[in-house]
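The values are calculated or read from the model by the stated rules, or taken from the named source; none is laboratory data. Predicted model, so just to flag it, every value in this text is computed and none were measured. Neighbour counts are summed over all protein chains in view; Cβ atoms, including those assigned to glycine, are modelled from backbone coordinates with ideal geometry. Each accessible area value is taken on the protein alone, full model and side chains, heavy atoms only, with ligands, DNA and RNA left out. Shrake-Rupley method; radii C 1.70, N 1.55, O 1.52, S 1.80 Å.
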Amino acid sequence: MGNYTREEVMQMAEDEDVEFIRLQFTDMFGALKNIAVTARELPRALNNEFVVDSSFIAGITGESEPDMYLCPDPNTFAILPWRPQQAKVGRLLCDICRPDGSDYTSSCRYILKKTALEAERDGYTCYVDPECEFFLFHTDDNGMPTTLSHEKGGYLDISPLDLGENARRDMVLSLEDLGIQVESSHHETAPAQHEIDFHCDEIRRMADQIMTFKMAVRTVAKRHGLHATFMPKPRKEVNGSGMHLNFSLFKNGKNIFVDPEDPEKFSEDAWCFIGGLLEHSREMALVTNPLVNSYKRLVPGYEAPTELTWSTGRQESIIRLQRVCGANTRIEFRSPDASANPYIVLALCLAAGMDGIRRRIKPAGPADGALESYPENLMEAIRVFEESPWIPQILGGDFCQEYVAAKKREWHRYSKDVSEWEVNEYLYRI
C-alpha cells in the first residue's frame, strides 16, 4: 500500500500484467467483501461506477436506495502475491458512496476517517501498532476447520516445536509484498498460537492493514493445509487470542505522550488519554469484544485483561504502560480481540482518548482498583452499549441500532443452544 494517483494505478496494472482487480470493502461486522472486475474495467472502477446491491450487506440493509457505489482508494492498490504471476490479481479497498456521490455515513471506513479528521482539526495525528494473535489448526479430510493441532509449542518456541513456523514465514513475506512492514513474528503462549506485529502507522492506514493482514493470514494458512482463526477463545484450556493496540499521539511532529519537562515521564495528555479509554471501555466492549466467544477469553487465569485499571506490568489490567521512550512512547490497550471490526474499534478508541484529553479525565492510581467491572458476557455488553449517550455520537444512531439488533439475535441464538458442558454437568444427576 502506497501513495498512488489514479493514473499511477492504471499504469502499474498495465506494467505488472494485472488481469483482475478485486474491489474490496468491509461490512459492519468486519467481514471483507469484494467484487472482481477485469483490467479492462479498471478505469470505470476508478471512476466509482461499480454498484453493489446493499440489500444483503450488513450495515447497509434497510436503505431506501439499495444500490451503493464502490469508491476505490488508489493508495490501497496492491497485487495479491499468492495469485498467479501471469495474469496477476490486484486489489483496491473501497469506500461506500450513495448514488449521488456522497459518503455513506454508516460505512465503517467513513466512521474512522471522520473521527481521525476531527482529531486532525485539533492538530493531532494518531498512530497505532497492533499485536495480532491467531491460531493455526488442522483441517479435516473435507478441508473443514478443526481445533486440532499436533504441536506443543509455547512462547517464542522454534522449530521443531513450532510446527507453524514455515506458514508464519510465508505470511510475513506475503504481507511485505503487500506493502505492510512487519516488525516481528513469533509463536505465542498456547500450542498452535501465533502473533505477527506491524510497524506503527497512521490510524486509518492501520485499519486497512489489519483487514489486509487477516485476508493474507487465512489465505496463506490454507495453502499450507491449515486453518487460521481469529476466534478469541477456540480452546477452553489455553490462553485466548487478543489484538492489543498500542497508541501514540503526535502534535506538531512530537509525541505528546512524553512529558516535555521530563522526557522519562508520561505527560498530562497521556494520562488524560488513558482516562478517556478507561471511562469509555465498558461502552466500547460490544465493539472491541463483539462475540459471545469474546467473553470466554476475558476470564482470570489466562493472561487476559479482566480489570478496568492501568498498570506497568500486570496482564490483568486493561491498559498497560511501558517505559517512556521518546517518539516511540505508547499506551497499550489490551481488551480488543481480532474478531472485531478494526475501523470502528480504532474510531472509538481514538474518540475515547480524545474525549479524555478534551475533558481532562484523569485515571485513578493503579492500586486503586476498578470502580466498575468489565461486561462479563455479550448481553451485558449490549445493555451498556445501548445505555451510552456517547457511542451514537461516534458511530451514528442508525449504525448503532442495526448493530445492536444483530448482536441481540446472536445472543438469543446462543441462549437457546444446549451446550456439551450442560449435558455433562446435569444429565447424569438431575
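For this structure, a couple of remarks:
- At R0 = 22 Å, FRET efficiency that the Cβ-Cβ distance of Glu316 and Asn166 yields, to 0.05: 0.05
- Estimated FRET transfer efficiency (Leu148, Lys416; beta-carbon r; R0 30 Å; 0.05): 0.60
- A Förster radius of 41 Å combined with the Cβ-Cβ distance from Glu425 to Glu183 puts the calculated FRET efficiency at roughly 0.40.
- Ser184, Ser54, reordered so the largest accessible area comes first (probe 1.4 Å): Ser184, Ser54
- Modelled spin labels at Glu118 and Glu176, positioned 7 Å past Cα toward Cβ, are 4.0 nm from each other.
- Percent of C-alpha pairs per 10 Å bin, region 226-283, short to long: 18, 32, 22, 20, 8, 0
- 3J(HN,Hα) along region 262-277, derived from phi through the Karplus expression 6.51 cos²θ - 1.76 cosθ + 1.60 where θ = phi - 60°, amounts to 8, x, 9, 10, 6, 7, 4, 4, 4, 5, 6, 4, 4, x, x, 4 Hz, with x in place of Gly and Pro.
- Among the GluC sites (Glu not before Pro) found in region 223-274, those both in a DSSP coil and sparsely packed, with 11 or fewer other Cβ atoms within 10 Å of their Cβ, are Glu237, Glu261, Glu264.
- Note on region 272-421: the C-alpha convex hull projects to 9.9 nm² when averaged across all orientations.
- Label-zone membership for region 1-26, site Leu32, 7 angstrom Cα→C-beta point, backbone N under 16 Å: 1-2, 21-26
- Cα gyration tensor shape of region 96-166, rounded if a/c is under 1.5, else prolate or oblate by comparing a/b with b/c: oblate
- Exposed trypsin sites (Lys or Arg not before Pro) absent: longest stretch of the chain, with sites in DSSP loops and at most 16 other Cβ within 10 Å deemed exposed: 1-151
- Of Phe50, Phe20, the residue with the largest accessible area leads and the full order is Phe20, Phe50 (1.4 Å probe).
- Phi angles across region 16-30 convert, under the Karplus curve 6.51 cos²θ - 1.76 cosθ + 1.60 with θ = phi - 60°, into 3J(HN,Hα) values of 8, 6, 7, 9, 10, 10, 8, 8, 10, 8, 10, 7, 4, 9, x Hz, Gly and Pro given as x.
- Value of relative contact order over region 115-201, rounded to a whole percent, pairs C-alpha under 8 Å and six or more apart: 35 percent
- Once the chain from Asp73 to Gln86 is taken as fully extended at 0.36 nm per residue, the excess over their C-alpha distance is 2.2 nm.
- Fluctuation leader among Met231, Met243, Met12 - the chain, Gaussian network, Cα springs under 10 angstrom: Met12
- The modelled label-to-label distance for the pair Asn377/Ser55, using points 7 Å beyond Cα in the direction of Cβ, is 3.7 nm.
- Accessible area in square angstrom per residue, the chain, 1.4 angstrom probe: 46 Å²
- Filter on Lys233/Lys254; Lys113/Lys236; Lys152/Lys222; Lys254/Lys362; Lys88/Lys236 - keep pairs with C-alpha separation over 31 Å: Lys233/Lys254; Lys113/Lys236; Lys88/Lys236
- Mean separation of Cα contacts under 8 Å (6+ apart) over length of region 297-430, as relative contact order %: 17 percent
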